[in-house]
Each structure stands twice: as C-alpha cells, then as structure tokens.
Amino acid sequence: MLSRVLGPAVLFVSVLAAAQQPALHPIDAFPLPDIGPVLHRPVQTKVPFTVAGQRGVLVGQQQGVFEGWILPVKLLSHMTIEANVEGYPVPLDLNTMAREIEVRPDRTTITYSHIALTLRQIMFAPNNAPEGTGAVVLFQVDAVRPVDLTFRFTGELRKMWPALSSGQPSPEWVTEGASGFYVLHSDFNDFAGAVALPGATSGVMAPYQEQPQTHPLEFRLHIDPKADRNKFYPLLMAVGGSKATASTAALRAKLVELDDQLPALYAAHLDHYRRQDRDLTRIITPAGGLSEDLTWAETSIDQLQARAPDGEVGLVAGYFASGDSARPGFGWFFGRDSLYTLYAIDSYGDFALAKTELEFLMKRQRADGKVMHEYSQTAGEFDWASLPYEYAAADATPLFLTAVRDYVRTSGDVAFLQAHRDAVMNAWNFEITHDADGDGIYDNAQGTGWVESWPPGMPRQEIYLALLDEQASRAMSDLSALLGDAKSSVAAKARAETLHATIEHEYFRPSADAYAFSQNNGTLDTTATIYPAIAWWNGGQALDHPQASLRRWASHDFATDWGARDIAASDPMYSSMSYHQGSVWPLFTGWAAIAQYRSGNALAGYQSLMQNADLTTAQDIGAVTELLSGDLFEPFGRSTSHQLWSSAMVVTPLLRGLFGIDVDALKHEVAVAPHLPADWDTAEVLHLHVGDAVADLSFHRESGTLLVTLHPESGAILRLAGATGDGLTLRLPLPPVEVAIGHGLPLPGARTAQMKVLSESHEPHALRLELEGMAGTESTLIVRRNDAKVDFKAEGAKLAADKLQVNFAPAPGEAGSGYVTQIVTIRW
C-alpha cells in the first residue's frame with residue numbers, strides 16, 4: 001500500500017505489487033547511426049548545451065550537469081554523476097572528467113572518461129514521445145572493473161514561468177523488485193511527476209521522523225563490466241497534469257511505455273532528420289563549413305517547436321538553463337521572433353512549418369487585429385490576457401503582414417491567404433488606425449517598437465517601426481491584389497509611397513548624412529543605431545540616402561569581429577554590457593548583412609554573414625546565441641544560447657543575400673542576384689522549393705561569366721528570371737577583377753581588431769575599396785582575375801600575383817593605435 005504524503009520535502013518508500021507487469025528495465029543498446037553533420041569539441045566548463053523537442057528539453061553545461069523539462073514542467077535539475085570503482089578507493093567526480101561533447105541533429109553525447117571507465121551520456125528529445133514524457137538520457141558504461149554509479153539530482157516539479165507551482169515537491173521512492181522509481185508529489189492530487197533509472201536503487205532517504213533536512217535525490221546503479229557493457233540505462237521522466245495521469249500507477253505506466261518504446265521512438269526520431277536532410281534546402285560550396293552551418297541552422301529552428309497548452313505546436317524563442325528559476329531562457333512563444341524566422345523557413349522550403357506558425361499566431365490575434373507578442377507555455381492555466389505580455393509589442397503586426405506575403409509568394413499557397421482573409425484584413429486595419437501623432441505612420445502608442453527600455457525615455461515613434469509600416473503597406477498591396485481587391489491594392493501601394501516620403505522627411509538629417517533613431521512630437525533622438533538597416537529586409541525602395549549609414553554600419557563603430565552592435569561605439573548612449581544600448585545581436589548582424597548585400601556591398605555583407613555562421617560552433621554548438629558584449633568577444637551570462645532568430649540569421653542572409661535567391665511560386669520563377677565570394681569557382685543550392693516544385697541551382701565561373709543554371713525536378717515548370725532560350729540558364733558578366741576576404745572569430749575575450757570593408761564600388765576600369773584596419777597591421781586579400789588578358793595595377797596596396805597586401809600605416813604624427821582607413825584601387 002502506498003504511504004500517505006504528509007508534507008513537502010519528505011521522502012516516503014512504498015512497494016508496488018510484484019504482479020504489475022511489464023517492469024521497468026535497462027535495454028539492449030540499439031544502433032545509433034551517424035547521419036547528417038557532426039560537431040566534436042573538447043568539453044568546456046560552464047559552456048551550455050541544449051537538447052530540445054516538442055515535448056521535452058534538456059538544458060545544461062558541457063561538463064554534464066543539466067536540468068530536465070517535460071514541457072512545460074521543470075522536473076529535475078542539478079544532475080551530477082559520481083563513480084566508485086571496485087578496488088580503487090576514491091570517489092570519482094565524473095563531471096570533472098567530461099572530455100568530449102558530440103552533437104548531431106538527432107542526439108548529443110557527452111563522454112566522461114577515467115582510467116577505470118568510460119561513460120557516455122546520450123541525449124535526445126523525440127517529438128513522438130508519449131504524452132507526458134519527452135527528453136530521454138541513455139547512459140552506457142564501459143568499465144574495467146565493477147563500478148557503482150551515483151546519480152544525484154534535485155526534484156523540481158515546477159511549471160514554467162509565470163505559472164505558480166506548489167513549492168518543493170514531496171519525493172516518494174516506489175520499490176519495484178530490486179529497483180524502483182521516484183514519484184514527485186505536489187500539494188495537489190492532479191499534478192505529479194516521476195523519474196526512473198531502471199536497475200538503480202534509491203539513495204539517502206531521510207524518514208519523516210528525522211529533523212527537517214534536504215538531500216539530493218539519488219539513483220545508485222551497480223555496473224558489471226562483463227554483463228552490462230552493451231546495455232543502455234535510460235533516465236526516464238514523466239509528468240501527470242490531471243487526477244487520472246498524476247497517480248503513481250498512471251505515472252509508472254507512462255514510464256514503462258516510454259521504456260518499452262525507446263528503440264522505436266529513436267528510430268522514428270532519426271527518420272525525421274533523414275527526411276529533413278533529404279527534403280530541405282542544402283548547399284555545396286568550397287567553404288565546406290558553411291554548408292554544415294546552414295544545416296545546423298535549419299535543425300536549430302526545427303528543434304524550437306513546442307506544444308502549447310491546447311496541444312498546438314508553435315515556435316519558441318529559445319532555451320537556456322533556468323538555474324533556480326522556472327524560466328528556461330526565452331522558452332515561450334514570441335510573435336516577432338517567429339515572424340523574422342519565417343523568412344528563413346520559407347527560404348529552405350519547410351512550408352508546412354511556416355503555415356502552422358502563421359495559424360498559431362492568427363489563433364491568438366486580438367479581436368482588434370493586433371498580433372501577439374508573447375505567449376507562455378503555461379498561458380492556458382490562468383488569465384494570461386490579464387498580464388501585460390501578450391500584446392506588449394507593436395512590431396508583430398506589420399511583420400505578420402510581410403511574413404504572410406513572403407509565405408504566399410514562396411509557397412504559392414493563395415488558398416491559405418483566402419482562407420485567412422479576415423485575419424490579414426484585421427491586422428491591416430489595426431495598423432492603419434494607430435497613429436497617435438497624426439503623421440500617417442503606425443507608431444509606438446500601442447506598444448513597444450524595438451527597444452523595451454531607453455534611458456532618455458521611451459520613444460513615441462521609432463524609424464524601425466516606421467520602416468516596417470512602409471514594408472507592410474507594400475506587402476498589403478500585393479496581398480490585396482491576390483485577394484481580388486484592386487482598390488485596396490492601389491491604396492496600400494499609395495500609402496507605402498507616402499510613408500516613404502514622410503520617413504525621409506522626418507528622419508533623414510542632411511547635415512549629418514544620417515537617419516535618426518526616433519522622433520518624439522517633432523523632437524528627434526539622433527542616437528546612431530543599426531535599426532534603419534531594416535529598410536532592406538523586404539527589398540523595395542529602402543532608404544534614399546543610404547551610403548553614409550551603410551559605410552558606418554560596416555565600420556568598427558558598429559561592426560565587431562563577431563557581429564553588429566545596435567548602437568555605435570562612439571555614441572554617448574553606448575554601453576557594451578547593456579541589453580539595448582550597445583550589445584551585439586546576431587539578429588542585427590543579419591539585418592546588416594541583408595542591407596549590405598542588397599546595396600551592392602557584398603564584401604561587408606559577407607563579413608556579417610560569416611560572423612553569424614561562425615557563431616554556430618562558438619558556444620551552444622549547433623545553435624547561435626542571443627546576444628554578446630559589444631566590446632569583448634563573450635556572450636552575455638544570460639544570453640539564450642539556443643536562439644530561434646539568431647539561427648535564422650544564418651539562413652536568410654546566406655540564401656537571399658550571398659546567393660541572392662528570390663522565389664516567386666506564383667509566377668513559377670526564381671530570380672537570382674548572386675554575390676559569390678571571388679575565391680569560389682562553383683557552388684550549388686540543392687532542393688530549392690518553389691511552391692510545390694523543387695529545383696537545384698548551380699553556379700559556375702567561366703572566365704568573365706558566371707553561369708547560373710536552374711535544374712527543375714522532372715515535370716516541374718519553372719524558369720529563371722531573365723533567362724532566354726529554355727529559360728533555365730543565365731550568363732552574368734563578371735568584372736575583370738574581384739577580391740575575396742577571409743573570416744573567422746577571434747579568441748574569447750578579444751576586442752575587435754580585424755579589417756573592415758567600408759565600401760566597394762566598380763568604376764569604369766577600376767575597383768575601388770575603402771578599408772579600415774588597426775594601425776600598424778597588414779591584411780591580405782585574394783585577387784581573382786576574370787580576364788587574363790587585362791593588365792592590372794594597384795594603388796594603396798601591393799599587388800603580387802593573386803594577393804593584395806594592404807598596409808594600414810598610422811596617420812602621420814600618431815602613435816599607431818586604433819583603426820585607420822586605407823583606399824585601395826585596382827585599375828585595368
């Protein structure tokens with residue numbers, strides 16, 4: 001008979017009837033095939049890892065300490081491992097012996113090693129796990145002598161922020177034969193969790209009669225090196241959220257179901273990534289690591305799907321260990337985060353996910369048309385609307401309109417637009433009816449634009465939000481036309497043109513050749529920011545006076561060696577450790593990359609793109625972090641290390657910037673404006689999705705020509721915009737000379753010191769580059785000669801064969817520190 005739970009933090013022991021079968025059991029090791037990309041790294045202390053799926057998440061540090069979530073419940077934390085080897089009389093803290101982390105799309109493995117044993121901690125989070133379960137850990141031990149392992153952890157049973165849990169759970173050890181499992185009881189009979197390690201026994205059990213004290217929960221597992229080497233010992237977790245599912249019997253049944261299904265669950269989980277590898281867009285380039293970076297970005301985005309309280313699936317903003325809180329990074333649903341990410345999802349062709357996410361947002365659209373900003377995974381448990389989060393931001397509404405246009409244009413799914421006409425029209429009506437100062441521009445009066453804090457006071461109208469309003473108006477013109485509403489289409493286009501003129505009038509300052517950050521009842525805040533770069537996000541007219549801004553964004557004033565600051569380092573507002581006044585976000589770096597590529601500054605675009613791509617392996621390997629210091633190469637201590645839109649900002653600048661791909665499924669057409677690095681002879685984009693059709697794109701240099709060929713799959717009717725003849729081949733003229741630059745992140749803690757490309761221009765018979773570098777340094781650029789018959793000479797640098805040596809000499813009379821500018825011109 002089960003013991004009655006008398007209060008929190010009291011451990012009870014009960015015995016389950018032996019007749020209950022089947023039992024929890026270790027399982028025979030099953031194959032773990034090697035598919036897709038793989039990342040191996042020596043373990044780094046206090047560097048995060050994430051294993052995420054729709055139902056469960058493991059977040060921790062590479063030395064193996066982690067917390068386990070059965071979404072949206074934090075079930076356990078502070079998991080550590082100790083070993084005691086027979087005949088070796090010293091306890092081994094295995095977390096200090098974590099040697100390697102291996103990350104694959106389907107699993108993450110941490111390997112601990114000592115002269116007496118090797119332990120592998122294999123983690124995966126199958127989307128198809130039984131309800132109430134999720135992430136799984138498999139422990140596999142190879143020992144030279146018998147060993148006793150002790151797994152210690154803290155029982156949590158805490159619901160994700162901001163739902164309230166009942167406090168510290170009351171653990172109960174349920175004995176089952178020679179082993180058993182823990183049940184974590186709350187103060188309510190409709191909420192409990194369970195944790196099992198089949199084959200293990202319990203550890204310290206302070207009885208109720210003992211004085212109040214706290215001990216970590218323990219699993220004690222004996223390993224026979226001969227009998228147990230080829231076994232997996234699974235850490236199983238389950239949560240029950242109703243009277244029927246929170247009973248001990250129900251939780252045990254759930255653990256047994258998960259245990260029995262593990263080989264099949266993993267096989268289906270693996271097959272999901274096989275399909276991803278087969279179906280989603282891939283690239284082949286001379287920069288081998290870039291191909292993998294794209295795959296990792298797609299994987300990272302896919303893994304940030306989670307199930308909402310009503311069972312729907314939506315994208316969450318990211319994960320990071322919660323520590324002593326119940327907030328795992330930004331592990332809840334955000335409107336603008338997912339909307340920026342949809343451009344990446346559309347780019348690599350997961351239209352089903354894009355459609356699901358748009359419908360997720362539409363279901364939570366406010367009655368007046370405003371699109372949601374934030375929705376917790378526990379929002380269904382209380383009156384979420386009474387809290388100030390769901391509609392706090394203003395930018396999700398225009399972003400929704402531009403994202404719908406992008407989805408319809410790339411997928412060709414006009415039926416989706418027609419089915420959701422009301423949602424689109426309601427968002428549009430909200431946007432055009434919220435203008436507090438009467439200048440015609442949607443503004444911050446009903447929510448934040450970008451910044452959520454601003455020392456001089458919150459802005460009334462940001463250029464960021466104004467530019468999104470202009471782009472949403474252009475998007476609405478296209479959407480209205482597809483809906484057969486010609487009058488509304490014309491009106492929306494006219495509004496976009498009016499907005500463009502108003503923005504130029506209100507925000508551009510000719511005396512400074514720059515755009516202001518915000519205007520507040522006629523007063524400009526002239527803080528130098530990255531935010532005007534959003535003007536290029538959806539193409540279109542962008543800005544009328546962009547060159548000075550583009551040059552400054554590419555300079556060391558904004559561009560670090562690891563990405564773009566949001567505020568110039570020279571601005572009085574700048575603070576490298578702040579959230580909104582000087583930090584580096586890969587999101588901003590992506591905006592800058594798109595702006596530079598679409599403005600013809602391909603070298604600056606490439607620098608930004610590769611900074612984001614290189615961050616894939618810099619911290620939470622396989623994912624890109626949320627934000628970093630503006631001065632030193634180091635992520636913030638609370639940077640969400642597996643961040644949704646950060647990974648998206650690898651995909652979009654790569655496919656739409658470097659390759660310049662623009663898909664129009666409504667016309668069955670692909671346009672390209674490629675900016676291939678000069679040291680690439682060839683490149684391929686595989687599985688490019690154009691609506692229901694799929695095609696490959698190949699790029700090949702032939703002397704002074706870039707040959708671009710579209711290869712549709714059998715039966716697909718597609719054409720390459722601008723192509724003649726069969727409509728599948730373009731011959732793009734190349735300049736007689738091009739240059740290529742390198743890339744690579746600095747060492748942790750370093751300051752910005754790499755060369756920057758401020759501008760590039762192709763003049764008649766000349767290539768002019770404006771570069772800056774640290775005084776007293778020299779940089780090497782690779783020169784590509786597309787016309788071997790033309791003689792070249794360089795001014796401002798030394799040209800030797802295929803190398804351009806640029807010396808950044810200190811200015812006369814100066815000490816030789818800081819950045820200096822050098823103009824390099826190659827003439828022919």
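The values are calculated or read from the model by the stated rules, or taken from the named source; none is laboratory data. These figures come from a predicted structure and were not determined experimentally. Cβ placement follows ideal geometry from the backbone for every residue including glycine, while neighbour counts extend to all protein chains displayed. In case anyone asks, the SASA skips ligands and DNA or RNA and just uses the protein heavy atoms, side chains included. Shrake-Rupley method; radii C 1.70, N 1.55, O 1.52, S 1.80 Å.
Relative to the longest principal axis of the Cα atoms of the chain, the long axis of helix 463-482 makes an angle of roughly 90 degrees.
Think of it as helices only: each DSSP H run of n ≥ 4 in the chain is worth -39500 (n - 2.57), and spread over all residues that comes to -7500 deg cm²/dmol at 222 nm.
Phi angles across the stretch 69-82 convert, under the Karplus curve 6.51 cos²θ - 1.76 cosθ + 1.60 with θ = phi - 60°, into 3J(HN,Hα) values of 10, 9, 3, x, 10, 7, 8, 8, 8, 6, 5, 10, 9, 10 Hz, Gly and Pro given as x. Bin width 5 Å, origin at 0, all Cα-Cα pairs of the stretch 238-365: what percent of pairs per bin? Going out from 0 Å in 5 Å bins, the stretch 238-365 shows 2, 9, 14, 15, 17, 18, 13, 8, 3, 1, 1, 0 percent.
Per residue, what volume in Å³ does the Cα convex hull of the stretch 534-683 take up?
Values: hull volume 18.7 nm³, N = 150.
With only Cα atoms used, the stretch 534-683 gives 125 Å³ per residue.
Counting only Cβ charges, +1 for Lys and Arg and -1 for Asp and Glu, the dipole size of the stretch 633-692 around its Cα centre is about 320 debye.
Pairs spanning more than 23 Å between alpha-carbon atoms, out of Lys355/Lys667; Lys370/Lys493; Lys159/Lys355; Lys493/Lys667; Lys159/Lys243: Lys159/Lys355.
Semi-axes of the equivalent ellipsoid of the stretch 361-470 are 24, 20, 12 Å, computed as sqrt(5λ) over the eigenvalues of the C-alpha gyration tensor in descending order.
Counting residues in the stretch 480-596 as N, plug N into 2.2 N^0.38 Å and put the Cα Rg over that result.
On the way: Rg = 16.2 Å, N = 117, 2.2 N^0.38 = 13.4 Å.
In units of the globular-protein estimate, the stretch 480-596 measures up at 1.21.
Counting only C-alpha contacts under 8 Å and six or more residues apart, can you give the relative contact order of the stretch 101-155 as a whole percent? Let's see the in-between values first.
Values: 71 pairs, mean separation 15.0, N = 55.
Rounded, it is 27 percent for the stretch 101-155.
Backbone geometry of the stretch 106-122 corresponds, through the Karplus equation with coefficients 6.51, -1.76 and 1.60 at θ = phi - 60°, to 3J(HN,Hα) couplings of 8, 6, 10, 10, 10, 10, 9, 9, 8, 4, 9, 6, 10, 10, 10, 10, 9 Hz, x marking Gly and Pro.
Over the stretch 161-272, the alpha carbon radius of gyration divided by the compact-protein estimate 2.2 N^0.38 Å works out to 1.22. Bridging of Lys798 to lysines at a Cα separation below 24 Å is possible for Lys756, Lys789, once same-chain residues fewer than 8 apart are set aside.
Within the same chain, aspartates and glutamates fewer than 8 places from Lys487 are excluded, and of the rest, those with a Cα less than 13 Å from its Cα are Asp478. The alpha carbons of the stretch 623-711 give a radius of gyration and a Dmax of 17.1, 50 Å, in that order. Per the Debye calculation on the stretch 506-575 with a single equal scatterer at every Cα and no solvent contribution, log₁₀ I(q)/I(0) for q = 0.17, 0.21, 0.25 Å⁻¹ amounts to -0.63, -0.95, -1.25. Among 775-781, 349-355, 36-42, sorting by the average number of other beta carbon atoms lying within 10 angstrom of each residue, highest first, gives 349-355, 775-781, 36-42.
Normalised by the number of residues in the chain, what is the relative contact order in percent for Cα pairs under 8 Å and 6+ residues apart? Spell out each step's value before the answer.
Working: 1967 pairs, mean separation 76.2, N = 828.
Value for the chain: 9 percent.
One equal scatterer on each Cα of the stretch 296-374, no solvent, Debye formula: the resulting log10 I(q)/I(0) at q = 0.14, 0.18, 0.24, 0.27 Å⁻¹ is -0.47, -0.75, -1.20, -1.38. The fraction of accessible area contributed by carbon and sulfur in the stretch 431-588 is 54 percent, rounded to a whole number (1.4 Å probe; ligands and nucleic acids excluded).
By the rule of a C-alpha distance below 14 Å, with chain neighbours fewer than 8 residues away ignored, the aspartates and glutamates paired with Lys363 are Asp310, Glu312, Glu374, Glu390, Asp422.
Here the 3J(HN,Hα) profile of the stretch 175-180, calculated from phi with Karplus coefficients 6.51, -1.76 and 1.60 at θ = phi - 60°, is 7, 9, x, 8, 10, x Hz, Gly and Pro shown as x. With Rh defined as the Kirkwood radius, the inverse of the mean 1/r over Cα pairs, the Rg/Rh of the stretch 431-498 is 1.07. To put it simply, the accessible area of the stretch 175-223 at a 1.4 Å probe is 53 percent carbon and sulfur.
Taking the inverse of the average 1/r across all pairs of different Cα atoms in the chain, what Kirkwood radius in Å do you get?
Numbers: mean 1/r = 0.0349 Å⁻¹.
Final number for the Kirkwood radius of the chain is 28.6 Å.
Relative to the dominant Cα principal axis of the chain, helix 396-411 is inclined by about 80°. Could you give the angle, 0 to 90 degrees to the nearest 10, between helix 421-432's Cα long axis and the longest principal axis of the Cα atoms of the chain? Approximately 60 degrees, to the nearest 10.
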